[in-house]
Amino acid sequence: MINEQNTLTLAFIGGGNMASALSAGLIGKRCAANEVLVIDPNASARQNWQEQGTQVAAHIDEQLSTQRIWIFAVKPQQMKEVVRQCAPYVQKNTLVISVAAGIAAADIANWLAKDGQPHQRVIRCMPNTPAFIGCGATGLMALDAVDAEDKRIAEMMFKTVGEFVWVKDDQAIDAVTALSGSGPAYVFLFLESLIQGAIEQGLSPEQARKLAFATVSGATELAALSPLPLEQLRANVTSEGGTTAAALQVFAQQNFSTIVQQAMQAAKQRAAELANEYS
């Protein structure tokens, strides 16, 4: 369990993909299935969760008040309404964790207010889809009222699905969104392009996929394990006047680095816009 002396109960408000990814790392390792409540209006989703042994509910009600940790895994446009529906059931010790992109932690605290007092035990996180296989990358930020024990709980939870870092504020979480939250899509696009390029040059789709996946995963693993900087690793592959140099010259001519940075800036800006649209 997360805490040997005090069993912690979890509620997923929203039982979609990210809730499934997190539960895969938590259930059986940090908590029992019957300690998890999943609230989702979709009957098929509830059935899938129920088959795993979790508690399920179609609507938010007083049952939520029995769960120590709430994980909001709903879309940004749904957050304000859903959080306000949950507000009557929040307890002083409820730890609230939000997975929604762009929604500021302070807004969540205000939507959970009781007697005019915001509920300050709020952590924002931005995981990504490789969490499904325990290889996620998550950014975490906490309001000042979140104590060390609550942070430790969050760390133990997200450690089960990959790597994590703490950042200082909502703007930094938006940067995490642009890097690791949206990042898998950039990598998938790059892989698609590598595969298509190889097919056009005569390889079969099976050969192209196998070599492209192995190349990207192998290069990433080498970079992670090597003490050499990325620039040196790149130079080690690049002989003057050779094939790699010819390819990298095309990337440079097309401003590859600038394109990537502009794409990340667009993602970060969109996260900030979401905060304004749905606050």
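Some notes on this structure:
- Cα centroid separation, the range 115-137 to the range 181-212 (Å): 31 Å
- Close amide H partners of residue 136, meaning residues 5 or more places away or on another chain with modelled amide H under 5 Å apart, are 131, 162, 163.
- From phi via Karplus (6.51, -1.76, 1.60), per-residue ³J(HN,Hα) for the range 40-53 in Hz, x at Gly/Pro: 8, x, 7, 5, 5, 4, 4, 4, 4, 5, 4, 5, 7, x
- Where labels lie 7 Å past Cα in the beta-carbon direction, separation of residue 75 and residue 210 in nm: 4.0 nm
- Listed values (1) 20.8; (2) 21.8; (3) 18.5, entry calculated as Kirkwood radius over Cα pairs in Å: (1)
- Contact order normalised by residue count of the chain, Cα under 8 Å, 6+ apart, percent: 16 percent
- Separation in nanometres of the label points that stand 7 Å from Cα toward Cβ, at residue 152 and residue 263: 4.1 nm
- Reachable aspartates and glutamates, given that their alpha-carbon falls under 15 Å from the alpha-carbon of residue 268 and they are not under 8 places away in the same chain: 169, 170, 174, 277
- The shape of the range 46-92 comes out oblate: with a ≥ b ≥ c from the C-alpha gyration tensor, a/c is at least 1.5 while a/b does not beat b/c.
- Overall form of the range 40-140 per C-alpha gyration tensor (a/c, 1.5; a/b vs b/c): oblate
- Principal-axis analysis of the Cα atoms of the chain puts helix 148-159 at an angle of about 50° to the longest axis.
- Computed with every protein chain present, the accessible area of residue 166 is close to 80 Å² [probe 1.4 Å].
- Ranked by solvent-accessible area (1.4 Å probe, protein heavy atoms only, all chains present), the residues 277, 200 order from largest to smallest as 200, 277.
- Of all beta bridges that DSSP places with both ends in the range 102-214, some 50 percent have antiparallel geometry.
- DSSP bridge pairs, the chain: antiparallel proportion in percent, nearest 5: 15 percent
- Sequence of 243, 9, 138 from largest to smallest accessible area, 1.4 Å probe: 243, 9, 138
- Phi angles across the range 92-99 convert, under the Karplus curve 6.51 cos²θ - 1.76 cosθ + 1.60 with θ = phi - 60°, into 3J(HN,Hα) values of 4, 9, 5, 9, 9, 10, 10, 9 Hz, Gly and Pro given as x.
- Residue 115-residue 247 pseudo-label distance in nm [points 7 Å out on the Cα-to-Cβ vector]: 6.5 nm
- The calculated 222 nm mean residue ellipticity attributable to helices in the chain amounts to -15500 deg cm²/dmol, summing -39500 (n - 2.57) over DSSP H runs of n ≥ 4 and dividing by all residues.
- Within the full protein context, the accessible area of residue 234 is estimated at about 130 Å² for a probe radius of 1.4 Å.
- Dipole magnitude (debye, nearest 20) for the range 84-217, charges at Cβ of Lys, Arg, Asp, Glu: 280 debye
- Global form of the range 164-216, assessed from the alpha-carbon gyration tensor, a/c cut-off 1.5: prolate
The values are calculated or read from the model by the stated rules, or taken from the named source; none is laboratory data. All values derive from a computational prediction rather than experimental measurement. Reconstructed Cβ throughout: ideal geometry from the backbone, glycine too, with neighbour counts over all protein chains shown. SASA here: full protein model, heavy atoms, side chains in, ligands and nucleic acids out. Shrake-Rupley method; radii C 1.70, N 1.55, O 1.52, S 1.80 Å.
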